[in-house]
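Participant: My questions all concern the structure below.
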Amino acid sequence: MKRLVLAALLCASLSACAQSTDVAPPAAPTKPAAVLKEPTFAAGTPEARVRDALRSLNPEITVDSIDKAPVPGFREVVAGGQVIWVSDDGKYLFQGDLLDIASRKALGDEAMAKVRRKVLATLPEADRIVFAPTGVPKHTVVVLTDVECGYCRKFHSDIAEYNRRGIRVEYLAFPRAGIGSADYRKMVAVWCAPDRRKALTDAKNDRPVAQGACPRSPVDMQYNAGLRMGLTGTPMILNADGRMVGGYLPPDRLLERLDALAKEKAGG
């Protein structure tokens, strides 16, 4: 509960480079932009009681969804990029993985995937930096990336190999040092460059990217979307359904993972 309240109050990135211990503290944490409108709940309903109970902990909290939980007497809540479980009377809260023993699935994963799909739908494809294979892609992934993160650089160094395996990569910006940081300014320069693909490659290889005129940068919105989607480190790789694929995975392992998710979705 302490972690939930703190995350919702500060809305700060954990600033971790996935699978790395090199952590840079956020320079200027910001509240996520309202890329999704908070749902409304009729007075007197369990959903309204749960929402009010959370607001008693933190009046600034933004709830993304409240649905029936698989556990009787509880509601499944997505807020602050996390899934929590709150009793229908608003008196009890628990946080952590809820496992369906029969299917061996973590039940919070689907709740977060639904929210991620909604958030991703608010982020125009024109604002993403896309590296696509020749022909029809076999899979599409959204990768929240940072130009300074070692594993992000490692991933990008093999971008041609991911494409050769039929994987379309759509990059979103997540400057892990926070809005206003030097890292953030580099990423704004990349997203404002005439050739974003070249600029991103240059930045990840420590080559300078000139800061040009840019009337609107999508970096802030993408950063805030990352917080809303529960980002815990960069790179964060999502499949087309909003499911978390993982952090850095080499080309063959990423393809295997995407194939497995596609087979699971098809019921195979």
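The values are calculated or read from the model by the stated rules, or taken from the named source; none is laboratory data. For clarity, every value in this text was computed on a predicted model and none was experimentally measured. Cβ: placed from backbone, ideal geometry, glycine included. Neighbour counts: every protein chain shown. Please note that ligands, DNA and RNA were not included when accessible areas were found on the heavy atoms of the full protein model with its side chains. Shrake-Rupley method; radii C 1.70, N 1.55, O 1.52, S 1.80 Å.
Participant: Specify which of the listed residues (VAL119, VAL169) is out of contact with any Pro (no Cβ under 7 Å at 6 or more places or on another chain) and in a strand (DSSP E or B).
Facilitator: Checking each option against the conditions leaves just VAL169.
Participant: I'm checking my understanding of the structure. Among residues of region 190-240 that are part of a loop (DSSP other than H, G, I, E, B) and polar (S, T, N, Q), which one is surrounded by the fewest Cβ atoms within 10 Å (Cβ to Cβ)?
Facilitator: ASN205
Participant: If you check LYS114 against the conditions, is it open to solvent by 60 Å² or more (accessible area, probe 1.4 Å), within 24 Å of the chain's Cα centre (by Cα) and touching a residue at least 60 places away in the same chain (Cβ under 8 Å)?
Facilitator: yes
Participant: Taking region 160-175, which residues are farther than 16 Å from SER217 by Cα and open to solvent by less than 20 Å² (accessible area, probe 1.4 Å)?
Facilitator: Those that are farther than 16 Å from SER217 by Cα and open to solvent by less than 20 Å² (accessible area, probe 1.4 Å): TYR162, GLY166, ILE167, VAL169, GLU170.
Participant: Going through region 134-150 one residue at a time, which ones are on the phi < 0 side of the Ramachandran plot and open to solvent by 20 Å² or more (accessible area, probe 1.4 Å)? It would help to see each step written out before you state the result.
Facilitator: As a first pass, look at region 134-150 and keep what is on the phi < 0 side of the Ramachandran plot: 134, 136-150.
Passing the criteria: THR134, VAL136, PRO137, LYS138, HIS139, THR140, GLU148, GLY150.
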